Amino acid sequence: AIEYARHKASGKKPALAKPYNDRYKGVGDMTLTNGLKGTKNYADGQWQAYLGVDLDAVIDLGETTPVGRISSTYFHNPDVWIFMPASVEYAISEDGANFTVLKVVEPADPMETTGPVIEEFAAAFENTSARFIRVRAKNIGVCPKWHAGAGGAAFMFADEIVVE
């Protein structure tokens, strides 16, 4: 069942530095902030794919807002060439141009982990406020040496960016 999560970035369209993959675009531009969380079926329409490129999203909250936690979710299943990010960076800004990195989160599980797995990367902060939130998820780029598709472009599937 698809889970709904309402949060401070709900319904705010992310500005993406690089386009998502056309084959797996979820619901399009609003996939990362539509409040609907993806399931262990990567084709459920809630996952947005990045093939060989990083996710770099900036969300304008519309006004300076207290922020205590930012998270984003990723699908991992090497059997279908989908890997969790190598790292996820969370940053904030007042002007949308000058960002302060608050935290870089590493994956909890090794890349060799068999899937399907949904992994949340999260960072909590105290007494923080921001108008703009930036999430940069680093794609591993190419399938690792041990993988059947070694050297081929790796997929990274992202879902809801939750701002609380």
Inset, instruction - Would you mind getting the accessible area per residue of the chain, heavy atoms of the protein chains only, 1.4 Å probe, in Å²? - result: 47 Å²
Legend entry - Dmax and Rg, reported as Rg then Dmax, of the chain (C-alpha, Å): 15.1, 47
Inset, instruction - Give, in whole angstrom and from largest to smallest, the semi-axes √(5λ) of the equivalent ellipsoid of the range 14-65, with λ running over the eigenvalues of the Cα gyration tensor. - result: 20, 15, 8
Legend entry - Inverse of mean 1/r across different Cα pairs in the range 1-96, Kirkwood, Å: 14.4 Å
Inset, instruction - Net charge near residue 96: determine it from the other residues with C-beta under 10 Å of the C-beta of residue 96, scoring Lys and Arg +1 and Asp and Glu -1. - result: -1
Legend entry - Karplus-derived 3J(HN,Hα), 6.51/-1.76/1.60, for each residue of the range 3-10, Hz, glycine and proline x: 9, 9, 10, 9, 7, 5, 9, 4
Inset, instruction - Could you give the C-alpha radius of gyration of the range 110-164 expressed as a fraction of 2.2 N^0.38 Å, taking N as the number of residues it contains? - result: 1.51
Legend entry - Using a Förster distance of 41 Å, the FRET efficiency for residue 142-residue 93 (Cβ separation, nearest 0.05): 0.85
Legend entry - Burial ranking of peptide ranges 75-87, 122-134, 143-155 (average Cβ count within 10 Å, highest at the top): 75-87, 122-134, 143-155
Inset, instruction - Whenever you get a sec, compute what percent of the accessible area on the range 1-51 sits on carbon and sulfur atoms (1.4 Å probe). - result: 50 percent
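The values are calculated or read from the model by the stated rules, or taken from the named source; none is laboratory data. This one's a predicted model, so the numbers in the text were calculated from it and none came from an experiment. Positions of Cβ are generated from backbone atoms using ideal geometry, with glycine treated the same way; all protein chains shown enter the neighbour counts. Calculation scope for accessible area: heavy atoms of the full protein, side chains included, ligands and nucleic acids excluded. Shrake-Rupley method; radii C 1.70, N 1.55, O 1.52, S 1.80 Å.
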